[in-house]
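Undergrad: Below is a structure I'd like to ask you about.
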Amino acid sequence: MKKILIVEDDEKLREELKIFLEKNGYEIDYLESFDNITQNILDSKSDLVLLDINLPRVDGEYVCKEVRKVSSLPIIIITSRNNEIDELLSINYGADHYVTKPFNIQILLAKISSLLRRTSFDGNDKIDGKEFILNLSKSTIEKKDKQVELTKNEFKILKYLIEKRNKIVSRDEIMEYLWESESFIDDNTLTVNITRLRGKLEELGLKELLQTKRGQGYMLV
Amino acid sequence: MNFRNFIKDKVLQIFLIIFGVFTIEVFLICFNCNLFLKIYIPVCILILYLISILPEYFIRKKFYNNLFDLLEGLEDKYLIAEILQKPNFEDGKILKEIIEITDKSMIENVNKYKYLQEDYKEYIELWIHEVKTPIATSKMIIENNKNEATKKIDEELDKIDNYTEQALFYARSNVVSQDYYIKKSSLQDIVNEAICKNRTNLINEKFSINLHDLEATVNTDKKWIIFILNQIIQNSIKYRNLKSPELEIYSKKGKENIILCVKDNGIGIKKGEEQRVFEKGFTGTNGRVSNHKSTGIGLYLSKKLSDKLGIGIDLRSEEGKFTEVSLIFPRNSYNSFE
């Protein structure tokens, strides 16, 4: 399990981020004191750091620079300063990404996973869907030696349904997820995509896997 | 200055000279001098007097005419003290000194207000940065506790976030200092981010989105443009077509510019009001319909920020059919694109 270190002085935000990221399959650690912060980050043996820029007594950008001197640890900066100059400065100090408060949580999640996939060599680019395997890099579903290619939207929908396996997912929820990842589709397109996805699953002999719950949404069983 | 007014100022002097000439004439007559002297002496005095005041007149005329010409050509009139040459006569020197002193005092006074405004802007920025953390925290709490109630709170939080953003840019739009950073930015990224920001409302209202021809890049401040687009999209949502709302965003290349268009199929704007929507506080016929709650700030601010960024903003509309707002990025040495 990948370990993420949260460096944020707002206790509540830290707590909620921890809950959310743990739900999404990461191990979470956070700093409680902000003295000797650079050393603490390096000692934490994390795979990624979420770093708030406005910390008590120290400047996040300075910390970022110090960490970068000795380590290539992925750093995502979280800030409330929403302007180009700060963004550019952070990137110059060696941060990998920059998100502004209030952040879009799906985008943050996507940035974390792409960063982790890029930096870890043993990175897993396949998601196990029990009866089939979802290949992230080729965007295909595989079953034994058969494989079917998915379009961008179908791929995203299936990935989301796997994450929410055995739970009913409403159409609105799927739409919101797709929009957050920059596919701005409408209601009809979603219906078409779901139908095609179901068809492709059936091609692999996976009938009844994607169920429609009338008036509620869809469920992957 | 004209000669008559100049002479008017010398009335007492002229009166005294004439009085003197008259006295001399009386003496000359009393002492029975010859006719030549009786005429020569007064005429001589009068001519000498005239000769003495003429250069005085011409020097001043030249100085003041020059001063007015300079003022005419100057956009910021108060800079006159900087370019006015020092005159070589006493009252002119005094005038220049007075102008310099009042000028200095005025500039100090203006600077005081500039400083106050800058200070206020800094406070607003600080305040907004502070308030972003509780907004972010609240949104995280909602994310971890999804239900019908928190979803509604989430929508209200989005509104709060939009209003704080508006306040931030309002503060930025009023200061003289440059507060933006020009960088090469992709239109696709800018548009995606703006739409993503409004996703909840757009999905709720069942908008269909049509994005095309957005492969271009422009040199601009991305954050500012996203803010402007955000204002435009919010209007499109507010004044949407109730049956099947659509939003089309695309760009087209002109010879001298690249234009980003945001077009909706909403209720449109009444004829004659299209240009007034950029005025501060203008709510128009649509805005006064109670359920729309127009503030008259969004487009006003967009226009102000566009002016600062050096891009054009234009609006076309047909009532009951569509509204299209275009952002015009000029192609020049500072603002090129491929």
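Undergrad: In the list A:SER71, A:SER90, A:SER113, which residue meets the criterion of being small (Gly, Ala, Ser), closer than 25 Å to B:ASN162 by Cβ and in the same structural domain as A:TYR26 (by TED's automatic domain parsing)?
TA: A:SER90
Undergrad: Moving on to the next point. Can you give me the number of residues within the range B:235-244 that are touching a residue at least 40 places away in the same chain (Cβ under 8 Å), part of a helix (DSSP H, G or I) and open to solvent by less than 50 Å² (accessible area, probe 1.4 Å)?
TA: 2
Undergrad: Name the single residue, out of those in the range A:171-206 being out of contact with any Lys or Arg (no Cβ under 9 Å at 6 or more places or on another chain) and assigned to a loop (DSSP other than H, G, I, E, B), that is least open to solvent (accessible area, probe 1.4 Å).
TA: The selected residue is A:ILE185.
Undergrad: Exactly one condition in (1) buried (at least 17 other Cβ atoms within 10 Å of the Cβ); (2) assigned to a helix (DSSP H, G or I) is false for B:PRO87; which is it?
TA: So the condition that B:PRO87 fails would be (2).
Undergrad: Let me ask something additional. On the basis of being on the phi > 0 side of the Ramachandran plot and either at pLDDT 90 or above or surrounded by 17 or more Cβ atoms within 10 Å (Cβ to Cβ) (or both), does B:GLY281 make the cut?
TA: The answer is no for B:GLY281.
Undergrad: Additional query: Can you tell me how many residues in the range A:98-118 are under 8 Å from the mean Cα position of the chain (by Cα) and among the charged types (D, E, K, R)?
TA: 1
Undergrad: Also, I was wondering about something else. Quick one: in the range A:59-91, of everything that is facing chain B (nearest Cβ under 9 Å) and β-branched (Val, Ile, Thr), which residue is farthest from the chain's Cα centre (by Cα)?
TA: Result: A:ILE85.
Undergrad: Scan the range B:138-146 and give yes if some residue there is away from every other protein chain (no Cβ under 11 Å) and over 30 Å from the mean Cα position of the chain (by Cα), otherwise no.
TA: no
Undergrad: Now, a different point. Mind checking which residues of the range A:92-112 are modelled with pLDDT under 85 and away from chain B (no Cβ under 11 Å)?
TA: A:ALA110 - this is the single residue of the range A:92-112 that is modelled with pLDDT under 85 and away from chain B (no Cβ under 11 Å).
Undergrad: Hey, could you check the range A:172-195 for residues that are in contact with a strand residue (DSSP E or B) (Cβ under 7 Å, 6 or more places away or on another chain) and at pLDDT 90 or above and say which is farthest from the other protein chains (Cβ to nearest Cβ)?
TA: Restricting to residues being in contact with a strand residue (DSSP E or B) (Cβ under 7 Å, 6 or more places away or on another chain) and at pLDDT 90 or above, the top hit is A:ILE194.
Undergrad: Anything in the range A:1-58 that is among the charged types (D, E, K, R) and within 13 Å of chain B (Cβ to nearest Cβ)? List them, or say none.
TA: Correct list: A:GLU8, A:ASP9, A:ASP10, A:GLU11, A:LYS12, A:ARG14, A:GLU15, A:GLU16, A:LYS18, A:GLU22, A:LYS23, A:ASP52.
Undergrad: In the range B:106-135, what residues are within 14 Å of chain A (Cβ to nearest Cβ) and among the acidic types (Asp, Glu)?
TA: Correct list: B:GLU122, B:GLU125, B:GLU130.
The values are calculated or read from the model by the stated rules, or taken from the named source; none is laboratory data. None of the values given here were measured: they were computed from a predicted structure. Here the Cβ is made from the backbone with ideal geometry for all residues, glycine too, and neighbour counts use every protein chain on show. Please note that ligands, DNA and RNA were not included when accessible areas were found on the heavy atoms of the full protein model with its side chains. Shrake-Rupley method; radii C 1.70, N 1.55, O 1.52, S 1.80 Å.
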